[in-house]
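The values are calculated or read from the model by the stated rules, or taken from the named source; none is laboratory data. This one's a predicted model, so the numbers in the text were calculated from it and none came from an experiment. FYI the Cβ positions are ideal-geometry reconstructions off the backbone, even for glycines, and counts take in every protein chain you see. Side chains included, ligands, DNA and RNA excluded: accessible areas come from the protein's heavy atoms. Shrake-Rupley method; radii C 1.70, N 1.55, O 1.52, S 1.80 Å.
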Amino acid sequence: MKRTLNILHYSLYLIEIKLHHLFNKINPGLLIYKIPRVKKWMKDKNGIENTKEWLDNFWLDKKDGYSLLNIVGWLTGIIFLLLISSTIFLGKLFYLKIIFNNYTWICIPLLGISWAICYFHVFKNDKYLIYFEEFEKWTILDKRKNVLLSIGFILFVIVFFFVSLLYFP
């Protein structure tokens with residue numbers, strides 16, 4: 001389970017990298033950094049000479065990058081959606097007399113469980129960095145395969161969630 005979660009985490013990171021570079025190509029806000037006065041201000045006040053490199057490091061750094069916060073949220077959300085879907089599906093499958101009108105009482109513990117799963121298997125003591133080093137040695141074909149499998153898994157979780165909400169006797 002630990003390796004699978006880290007593969008999913010790395011695949012989400014690769015997707016985030018691609019999306020970051022795609023949005024940088026169409027982002028009009030980056031034109032501000034091409035103004036000579038802004039370049040001079042960034043160099044004088046902050047010591048930043050190459051703003052593109054600085055922004056890429058800010059977003060995509062493996063240790064402290066801002067995109068890691070997004071990935072933490074996505075990974076926790078995927079696990080949470082899988083847990084809540086399984087709970088609802090199994091409750092309906094075995095005709096449990098649980099009141100599903102108010103999901104709050106079950107959502108909060110499942111959210112805590114999904115966060116704990118992600119924390120202890122991926123983020124505690126930066127375990128994911130060890131896996132990142134291993135996964136970076138993958139061939140391009142392996143990276144594409146795992147990203148496509150991760151996207152398929154995410155789509156499966158979303159479909160499973162909506163199927164679990166359907167009423168069946």
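Tabulated values for the structure
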{"quantity": "Folded to 0 to 90 degrees: helix 51-60 orientation relative to the chain principal axis, Cα", "calculated": "20"}
{"quantity": "Ratio of the Cα radius of gyration of the chain to 2.2 N^0.38 Å, where N counts its residues", "calculated": "1.33"}
{"quantity": "Pairwise FRET efficiency - Glu136 versus Val38, Cβ, R0 = 35 Å, nearest 0.05", "calculated": "0.55"}
{"quantity": "Tensor-based shape of segment 4-65 (alpha-carbon gyration tensor, a/c under 1.5 rounded, otherwise prolate or oblate)", "calculated": "oblate"}
{"quantity": "Cα pair distances in segment 69-169, grouped into 5 Å bins until the bin that holds the longest one, percent each", "calculated": "2, 11, 17, 20, 18, 13, 9, 6, 4, 1, 0"}
{"quantity": "Expected 222 nm ellipticity per residue - DSSP helices of 4 or more, -39500 (n - 2.57), all of the chain, to 500", "calculated": "-24500 deg cm²/dmol"}
{"quantity": "Distance violations [Cα-Cα > 29 Å] among Lys92/Lys145; Lys43/Lys143; Lys25/Lys63; Lys25/Lys124", "calculated": "Lys92/Lys145; Lys43/Lys143; Lys25/Lys124"}
{"quantity": "Nearest-20 debye value, the chain charge dipole, Cβ charges on Lys, Arg, Asp, Glu", "calculated": "280"}
{"quantity": "Residue-normalised accessible area of the chain, expressed per residue, 1.4 Å probe, Å²", "calculated": "68"}
{"quantity": "³J(HN,Hα) computed for each position of segment 62-73 - Karplus, 6.51 cos²θ - 1.76 cosθ + 1.60, integer Hz, glycine/proline x", "calculated": "6, 8, 10, x, 5, 5, 5, 5, 5, 5, 4, x"}
{"quantity": "Phe156/Leu111 FRET efficiency (R0 22 Å; Cβ-Cβ; nearest 0.05)", "calculated": "0.60"}
{"quantity": "Within segment 69-169, trypsin sites (Lys or Arg not before Pro) in DSSP loop having at most 16 other beta-carbon neighbours inside 10 Å", "calculated": "Lys97, Lys137"}
{"quantity": "J(HN,Hα) series, segment 124-129, from Karplus relation 6.51 cos²θ - 1.76 cosθ + 1.60, nearest Hz, glycine and proline x", "calculated": "4, 6, 6, 4, 5, 5"}
{"quantity": "Phi-based couplings in Hz for segment 136-149 (Karplus 6.51, -1.76, 1.60; Gly and Pro marked x)", "calculated": "5, 7, 5, 6, 4, 5, 5, 4, 4, 4, 5, 5, 5, 5"}
{"quantity": "Normalised contact order of segment 48-169, rounded percent, pairs of Cα under 8 Å and 6 or more residues apart", "calculated": "36"}
{"quantity": "Apportionment of accessible area to carbon and sulfur, segment 51-169, percent (1.4 Å)", "calculated": "71"}
